[in-house]
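S.K.: Here's a structure for you.
The values are calculated or read from the model by the stated rules, or taken from the named source; none is laboratory data. Since the structure is predicted, the reported quantities are computational estimates derived from the model, not experimental observations. Every residue, glycine among them, receives a Cβ derived from its backbone with ideal geometry; neighbour counts consider all protein chains shown. What goes into the accessible areas is simple: the full protein's heavy atoms, side chains included, and nothing from ligands, DNA or RNA. Shrake-Rupley method; radii C 1.70, N 1.55, O 1.52, S 1.80 Å.
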Amino acid sequence: ARMTASISTVRTASKDILARAMAQEDITVQHSASAPTASFDTSSRVLILPVWQDMDDAMYDMLVGHEVSHALHTPTDGWLDWIGNGPDAPQRMMFLNIIEDDRIERLIKSKFPGLRRDFASAYKSFQDKDIFELNGKNIADLPLIDRLNLESKIGTHCQVQIPFAADEQQYVGRMHDCQSFDEVMDLANELYDLWKDEEDQNAQQDKNDESVAMSSDGDDEQGEGTGESSANSESNDQQDGEGQSSGSNGDDEQGDD
């Protein structure tokens, strides 16, 4: 136990030095067993690294490189107004994070080319452990922003083919071409508006389908009958309701900070 603790102390101390050297400033580094992922507070200049089991040096260095690049390249101001504090703030933050993560990872790998191997190794580990929760899913069915996130992570580093329609390819190229934070915000805003329009259209279509279904049920009740007892009809209605409920699910971002 003492040997493990000693190795852990040496490793975390070396990562602290690595982070401060890469960031070219005396940032504060904290190691947290409760942190779900790495993060960097652009205001307080605090970098938090998680403590995971089986966390090798490549994964540590990838997380350090990612967050240090935020320290170097993500501005403190200028984006909070766009995110706002309304009910859609988490979604807006996710869109911005995904596009910004692609930019800052490109920049840090360009500044420190040795990190390329660490990024590839870390994302391969994430893929093997199904961190992105892709098992049993058809990637082509995922929303565009989720597929862009996968393209940035495992598409770039693990040569996984992420499917995009012909009219979506422009967003892949534009994400990889973002050089400034203003360009990141412009693309994130466009993608968010596109997603919101699709969500509104889907919600309206669901309402229309529900109205048609209710109208059809009313016609059956007032018609000559279908040869089905009211008890059986009620039972079928309940099963349909349960099927619709169990079929709905929520979406996760990230993102990775």
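S.K.: May I ask you to rank Met93, Met55 by accessible area, largest first, using a 1.4 Å probe over the protein chains only?
M.R.: On the way: Met93 60, Met55 10 Å².
The most accessible residue leads, giving Met93, Met55.
S.K.: What are the ³J(HN,Hα) couplings of segment 160-168, residue after residue, when phi is run through the Karplus curve with 6.51, -1.76, 1.60 and θ = phi - 60°? Round to Hz, x for glycine and proline.
M.R.: Karplus-based 3J(HN,Hα) across segment 160-168 equals 7, 7, 9, x, 9, 5, 4, 7, 9 Hz.
S.K.: Can you return the lysines within cross-link range of Lys124? Criterion is Cα-Cα under 29 Å, with same-chain partners fewer than 8 residues away left out.
M.R.: Correct list for Lys124: Lys15, Lys109, Lys111, Lys137, Lys153.
S.K.: So who's got an amide H within less than 5 Å of the one on Val29, skipping anything under 5 residues away but keeping other chains? H placed 1.01 Å off N, in plane.
M.R.: Leu47
S.K.: Separate question: Search the structure for amide H atoms under 5 Å from the amide H of Val160, placed 1.01 Å from N in the peptide plane, and list their residues when 5 or more places away or on another chain.
M.R.: For Val160, the qualifying residues are Gly155.
S.K.: What does the charge count near Leu49 come to, summing +1 for each Lys or Arg and -1 for each Asp or Glu among other residues with Cβ under 10 Å from its Cβ? Please list the in-between numbers first.
M.R.: Numbers: positive: Lys15; negative: Asp16, Glu67.
So the surrounding residues net to -1.
S.K.: Sort Asp81, Asp57 by accessible area with a 1.4 Å probe, largest first. If you can, show how the numbers build up before the last one.
M.R.: Numbers: Asp81 150, Asp57 80 Å².
Output order, biggest surface exposure first: Asp81, Asp57.
S.K.: If you don't mind, another one. Treating cross-link reach as a plain straight distance, find the lysines whose alpha-carbon is under 25 Å from the alpha-carbon of Lys207, omitting any fewer than eight places away in the same chain.
M.R.: Lys196
S.K.: I would also like to ask the following. Give the Debye-formula value of log10 I(q)/I(0) at each listed q (0.10, 0.13, 0.22 Å⁻¹), with one equal scatterer per alpha carbon of segment 51-188, two decimals each.
M.R.: -0.35, -0.60, -1.48
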